[in-house]
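The values are calculated or read from the model by the stated rules, or taken from the named source; none is laboratory data. Computed from a predicted model, the values in this text were never measured in an experiment. Note that we place each Cβ from the backbone using ideal geometry, even for glycine, and neighbour counts take in every protein chain shown. Side chains are part of the model used for accessible areas, which takes the heavy atoms of the whole protein and leaves out ligands, DNA and RNA. Shrake-Rupley method; radii C 1.70, N 1.55, O 1.52, S 1.80 Å.
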Amino acid sequence: MRPAHLLLVAALFWTPTAWGGLPENASGVGEHAAHWQPDPLHEYWDPGTYHRPESEAVEGVFQGEACLECHAGVTPGLVKDWRASRHAQVEPPVLCPACHGDDHQKLTFPTPQTCGTCHPQRLAQVEEEKQYGFPSHALAMERVVDAKHFADKPKAEVASCLQCHSVATKCDSCHTRHRFDPAEARRPEACLTCHSGPPHPDDEAYFASAHGRKYQKEGALWDWSKPLRKGNYATPTCAYCHMKDGNHQVADKAVWKFGIREINPTTAENEIKRKRWRETCADCHPPEVAPEFFRALDQERATAWGKLNTVERLLKSLRGDGLLRPSARERPPYPMDWMARLFPRERIGFFEGQASAFYNVGALERDYFEMWYFDNLGAYKGMAHGAGEMSQRFHQRMDAAAQSLGAAAERLRSKGGETSGIDWKPLWLEGEYTRFNRDHN
Amino acid sequence: MSLFPMVWIALGILVSPAVGFAAEPRLESDCLSCHRERDAALVAAWEKSRHHGPGLDCRACHGGKHDGTMAARARRNDACIGCHPRENQSYALSKHGVIVTLEGERMDLSLPLREGNQRAPTCAYCHLHDGEHDPGAGIFPLAPLGRPPAPDDDARAESRAAPCRDCHSPRFVGTWFATGDRMVEIGRMKVREATAAVGDREAPELRAMLQRMGDGPLRNVRLGVGHQSPDHQWWHGHPALDGDLLRLKSRLSDASSRPAGP
Amino acid sequence: MANEAIRRAEERFVPRFGRRDPPPRPAMAARAQRLMPVAQQRSLAGRYAWWVKALSLTAFAWAFLGWLNDAWLFQFDNPLWLNRYTEYVIILAFGVWRITAEKNPYTRRRLMILVGNVAVLWWLIPWAFPFIEPHIGYLAGLPAFPSLHTPGTLTFLLVLGAVFLFGRRVICGWNCPCVAVREVVGFPFRHADHVPRGQWAWRLRHLKWIWFALYLGAMWAMTRPSNNLTAGYLGFFAMVVVLPYFVTMLLSPWIGNRGYCRYLCPYGATFGLLNKVGMFRIDYHAESCIQCGKCEKVCDMGIPVWEMGAAHGGKVDTTECMGCGRCITECPSQSLTFRDVRHLPWPTLRQDRDHLLRRTDWKLPSTRWRAAGFALALSAALGGAAYYATQVGTLGELPSRLGALCGLPISSW
């Protein structure tokens, strides 16, 4: 590393304190709280936990429209946005202090609880969702801070995670500030900032489906101020099915749990959830359509898990023979995982926590991670949203991954664990990022 | 020769900007012949910029119809994404991009690109903020890849934050960029770790992997930070870098990739 | 022989209890030299032929396999013959055998109610008409009635209240599939050959407090929204409850048919505590007792009934009793009586053998009314669930759904 780099790193990792903000010794939250300190940006994604009021800016207590006078000059965009919102048009208007407080030294950021003072029904629906466990909007922030890789990686790197997982701690993920327009949140694009990308290509799946194609053709012309009820829309959007009748509780129909683990779709619990799906589909389709659809989906899932389980068994047999390298002793451990320190083990599959094991592992494990987390979920999302061709494509990718993993395993076995003779330790434990990652949680 | 036609021609030239040209301007010089004088600063900025080059003239962004909508046309994303498809991918998934997709038709793009006149920023709002015509001048959100710190970094940091502050608090903007810079730097660390691991080996395959890391995921991180696309910071960015890094290391330590020889 | 019996009775005339100076216990029944005909058996179990035991063990294994398929294997689309309800169907099938073979009328009546409850409340309703009952706390998604074990659900709270008033028997004796499967399928293992008795077997009962502590942890976890810790803990808890649950079935030849209830059941421990602090106990009347020791021999939970009653001034108040009533109906001198909340409004009530047996006398109109009431209540529950199912789905789907649930190709007809 050149001196210039050192200088740059030093400059970048010095935390600016001019605006107050999070103190450097702020502590983490959740399961691994003792092992990490939040990035300064964290206060904007989880204001309920981390927001610190500005300490060096304007002083004074401001009521009514007083805020607008300055802010029309300082941040004109948000004032214009608010003026166009329903908050500005109702009588009496919902002014800045309603959400932010009136003391400029003690400003607050609204959390769902703040919004819930006027929208209690919506808040109750969000809270109710917590009963369903993961995957969940309402538990998204807990999920992210409790993830091992979040606690382990440098916080500036995983600050990217917070942007989507803040859906649990802020309402403006979907109703963007300061317009907070329900019509905006009803449209599929509102979901796609987060519901896109390799593990959850919901955008690709929806737009490839008959529903999505119809939306793309006609959607711009519809009246989006209408609630998400039967007869109001010619084709469903994400929210129409997943937030039926505007129910902000999106988990009560979640059967396959995002596709990341194998489940039994025919338990009584899932029968109940499927009943809710059948009602939803019956808004437009004859009653026999939904059960047919579930049958096809369950069949697709059974096929996918057949493939995944085969590869999982293969990797576990390699692990048993000590052929997976770098082995758990040769790779950087999670600092908070004392079990892993006592019994180091390569994590394979959902139940062993492979969801966090995608960076401090060998290439074979990473290949399986991608097969499981990217290809399998693509196949699931495609099938579940009615994009069969897309699902087929991802199944082909799973087949290819399974084949190449099988070939790699055979190569490994025939070589009997022989290596290139390079020294493993510095390669896997001592690189610039690896060191930095070890020192910065 | 009568003076009359001359007078008419002169009158026509004088009046025509007010009523608008019926005909399309034919050459770049057609625009510049007037606008070099009327918008000297704009033209000068444009001539400095990377947009000043062969095959690129005013009409590339502003279109060919001198009908009073030329400014608004260049403010639309359509003016940019033809040449910048990859940048558009990261932008289109961001909240800014989503709002523009949904409400773009209702935004008044005839208003100047400042003071939050539009609900969400189009490309031009930030990169050509307030009529700036040199997108590289100050409004280039993040330091270019692999460049050591330069003396004018503070000024750049200040000017890159200006468009954001029209709508977001200065403190948020400052924190955002500080974290974003760190996020990109961490990405660079991964590439540097990979480069150091390869060392001076002359393996074209490994060199190609290094090249891909820089062009692919690392650039995605930077685009993701600049355009506020979580997906590009994360799934197309950091974990992808991790994957490339560990695959490269696996190549180095795996017997099957040992260079041929005794 | 008679003199011998009198001498032994006199020896035990002053009962002493526990560690102070344990009295000699009634001698074990001498092992019968040949199989006791089932027809002669009342509460003291007869010995059964090897193939009956093999059949029972096969049924246990099948129930286990059904649960495994429901939780892990997901084969054959979870039809009725291989899912979590398989166990309840087996209970129904073996229940028919047990009810017809049972010679103790009170136990027969209890088995009828137990098997009826399991068939309707645990099997038919959640399986054919699944719905979610009201709950507090964060463990949702369970269908009705099995959430009996889930803190925070309505049923759970109702059951706790009923246990306080009437004793652990309302759930363990009359409405518990865990007891039912052991009592009907595991009946061949009730014989003294299989049931461990004696001091050590009695002391080992404290083992269940480990599971109770784990259950307290689960109760706490269920008040929290799911995270890695709580979800992981609940998964762990489910495993340490369910695996012993099924494994002890297969171990029945060595630990008897109540091995699980006596030593490992966290729910039994919870209800047992309420049993002790609540209004239920067995009263022992020393003045009429002839100290035959039969009560201790018939108790599947291994409670030293006579010993405890004698040592504690006539009160047998223990966490263990699940209220099968065998000690009372077998008591030749009517020296044991139940006591519960009914004694508050009706202090002169004496729930002795005659009282319990009167409930089984079909000639009495009150017995017939009770039976009709029970059948009506179960039908109402079933009908209510069916009606509720029409509210959230269509009853027209039911035939094809039942076909699918049973693993029959009816849906494609």
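Can you name every residue in segment C:359-368 that is part of a helix (DSSP H, G or I) and open to solvent by 50 Å² or more (accessible area, probe 1.4 Å)?
Within segment C:359-368, C:Pro365, C:Ser366, C:Arg368 qualify.
Consider segment A:308-348. How many of its residues are open to solvent by 80 Å² or more (accessible area, probe 1.4 Å) and either among the aromatic types (Phe, Trp, Tyr) or under 26 Å from the mean Cα position of the chain (by Cα) (or both)?
Matching residues across segment A:308-348 total 2.
Since A:Ser209 meets every condition but one in (1) free of Cβ contacts under 8 Å to residues at least 24 places away in the same chain; (2) away from every other protein chain (no Cβ under 13 Å); (3) buried (at least 19 other Cβ atoms within 10 Å of the Cβ), which condition does it not meet?
If we test A:Ser209 against (1) free of Cβ contacts under 8 Å to residues at least 24 places away in the same chain; (2) away from every other protein chain (no Cβ under 13 Å); (3) buried (at least 19 other Cβ atoms within 10 Å of the Cβ), just (1) comes out false.
Does A:Cys161 satisfy being at negative phi, in the same structural domain as A:Gly30 (by TED's automatic domain parsing) and open to solvent by 10 Å² or more (accessible area, probe 1.4 Å)?
Spelling it out, A:Cys161 is indeed at negative phi, in the same structural domain as A:Gly30 (by TED's automatic domain parsing) and open to solvent by 10 Å² or more (accessible area, probe 1.4 Å).
Evaluate segment C:349-358: report whether one residue or more is modelled with pLDDT of 90 or more and open to solvent by 80 Å² or more (accessible area, probe 1.4 Å).
Yes, segment C:349-358 contains a residue that is modelled with pLDDT of 90 or more and open to solvent by 80 Å² or more (accessible area, probe 1.4 Å).
For the subset of segment C:255-280 comprising residues that are of a type in the set (Lys, Arg) and open to solvent by less than 10 Å² (accessible area, probe 1.4 Å), which member is nearest to C:Val185 (Cα to Cα)?
C:Arg258
Residues of segment C:213-241 being assigned to a helix (DSSP H, G or I) and open to solvent by less than 30 Å² (accessible area, probe 1.4 Å), which ones?
Scanning segment C:213-241 gives C:Tyr215, C:Gly217, C:Ala218, C:Ala221, C:Met222, C:Thr230, C:Phe237, C:Val241.
Tell me whether segment C:153-175 contains one or more residues that are within 14 Å of chain A (Cβ to nearest Cβ), of a type in the set (Phe, Trp, Tyr) and assigned to a loop (DSSP other than H, G, I, E, B).
For segment C:153-175, residues within 14 Å of chain A (Cβ to nearest Cβ), of a type in the set (Phe, Trp, Tyr) and assigned to a loop (DSSP other than H, G, I, E, B): absent.
If a residue has to be in a helix (DSSP H, G or I), open to solvent by 40 Å² or more (accessible area, probe 1.4 Å) and within 10 Å of chain A (Cβ to nearest Cβ) to count, how many in segment B:158-174 make the cut?
1
Taking the conditions exactly as written (assigned to a loop (DSSP other than H, G, I, E, B) and modelled with pLDDT of 90 or more), does A:Tyr359 satisfy them or not?
yes
Could you list, ordered by first residue, the pairs with Cβ atoms under 6 Å in which the first is in segment A:172-184 and closer than 18 Å to A:Trp224 by Cβ and the second is among the charged types (D, E, K, R), at least 6 apart or interchain?
Close Cβ pairs satisfying both conditions: A:Thr176/B:Lys95; A:Arg179/A:Asp81.
State whether the residues of segment A:355-374 include one that is in contact (Cβ under 8 Å) with a residue 40 or more places away in the chain, away from every other protein chain (no Cβ under 14 Å) and either among the aromatic types (Phe, Trp, Tyr) or on the phi < 0 side of the Ramachandran plot (or both).
no
Does segment A:215-230 contain at least one residue that is over 17 Å from the mean Cα position of the chain (by Cα) and in contact (Cβ under 8 Å) with a residue 60 or more places away in the chain?
no
Could you please find all residues in segment C:307-329 being touching a Ser or Thr at 6+ places or on another chain (Cβ under 9 Å) and open to solvent by less than 10 Å² (accessible area, probe 1.4 Å)?
C:Gly309, C:Gly325, C:Arg326, C:Ile328, C:Thr329
Table: residues versus (1) of a type outside the set (S, T, N, Q); (2) within 14 Å of chain A (Cβ to nearest Cβ); (3) more than 16 Å from the chain's Cα centre (by Cα).
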| residue | (1), (2), (3) |
| --- | --- |
| C:Leu229 | yes, yes, yes |
| C:Leu250 | yes, no, yes |
| C:Gly259 | yes, no, no |
| C:Tyr263 | yes, no, no |
| C:Phe271 | yes, no, no |
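Name every residue in segment B:226-257 that is open to solvent by less than 30 Å² (accessible area, probe 1.4 Å), more than 7 Å from chain A (Cβ to nearest Cβ) and more than 30 Å from A:Glu189 (Cβ to Cβ), in order of residue number.
If the condition is that a residue be open to solvent by less than 30 Å² (accessible area, probe 1.4 Å), more than 7 Å from chain A (Cβ to nearest Cβ) and more than 30 Å from A:Glu189 (Cβ to Cβ), then B:Leu245, B:Leu248 are the ones that fit.
Could you please let me know if A:Leu377 is farther than 21 Å from A:Gly320 by Cβ, of a type in the set (A, V, I, L, M, F, W, C) and in contact with a helix residue (DSSP H, G or I) (Cβ under 6 Å, 6 or more places away or on another chain)?
Yes.
Any idea which of A:Ala239, A:Ala183, A:Ala220 is out of contact with any Cys (no Cβ under 7 Å at 6 or more places or on another chain) and either open to solvent by 30 Å² or more (accessible area, probe 1.4 Å) or in a loop (DSSP other than H, G, I, E, B) (or both)?
Criteria check complete, one pass: A:Ala220.
Across segment C:176-193, which residue is modelled with the highest pLDDT among those that are over 23 Å from C:Gly137 (Cβ atoms) and assigned to a loop (DSSP other than H, G, I, E, B)?
Among residues in segment C:176-193 that are over 23 Å from C:Gly137 (Cβ atoms) and assigned to a loop (DSSP other than H, G, I, E, B), the one modelled with the highest pLDDT is C:Gly186.
Is it fair to say C:Arg168 is open to solvent by 30 Å² or more (accessible area, probe 1.4 Å) and among the basic types (Lys, Arg)?
The answer is no for C:Arg168.
Determine, yes or no, whether A:Thr267 is among the polar types (S, T, N, Q), open to solvent by less than 50 Å² (accessible area, probe 1.4 Å) and within 11 Å of another protein chain (Cβ to nearest Cβ).
Taking the combined requirement at face value, the residue satisfies it.
Looking at B:Arg188, is it open to solvent by 40 Å² or more (accessible area, probe 1.4 Å), within 12 Å of chain A (Cβ to nearest Cβ) and either farther than 21 Å from A:Pro40 by Cα or assigned to a helix (DSSP H, G or I) (or both)?
no
Quick check on this structure: which one of C:Ser288, C:Ser252 is polar (S, T, N, Q), at pLDDT 90 or above and crowded, with 19+ Cβ neighbours inside 10 Å?
That would be C:Ser252, the only listed residue that is polar (S, T, N, Q), at pLDDT 90 or above and crowded, with 19+ Cβ neighbours inside 10 Å.
Filter segment A:150-188 for residues that are more than 16 Å from the chain's Cα centre (by Cα) and β-branched (Val, Ile, Thr) and give the result.
A:Thr176
Which of the residues belonging to segment B:113-133 are among the small types (Gly, Ala, Ser) and assigned to a helix (DSSP H, G or I)?
B:Ala124, B:Gly131, listed by residue number.
Are any of the residues in segment C:205-219 within 14 Å of another protein chain (Cβ to nearest Cβ) and not charged (D, E, K, R)?
No, segment C:205-219 contains no residue that is within 14 Å of another protein chain (Cβ to nearest Cβ) and not charged (D, E, K, R).
Could you check, for segment A:372-385, whether at least one of its residues is hydroxyl-bearing (Ser, Thr, Tyr), farther than 19 Å from A:Ala400 by Cβ and open to solvent by less than 60 Å² (accessible area, probe 1.4 Å)?
no
For A:Ala408, all conditions in the list (1) out of contact with any Lys or Arg (no Cβ under 8 Å at 6 or more places or on another chain); (2) open to solvent by 20 Å² or more (accessible area, probe 1.4 Å); (3) on the phi < 0 side of the Ramachandran plot hold save one; what is the number of the exception?
Exception for A:Ala408: condition (2).
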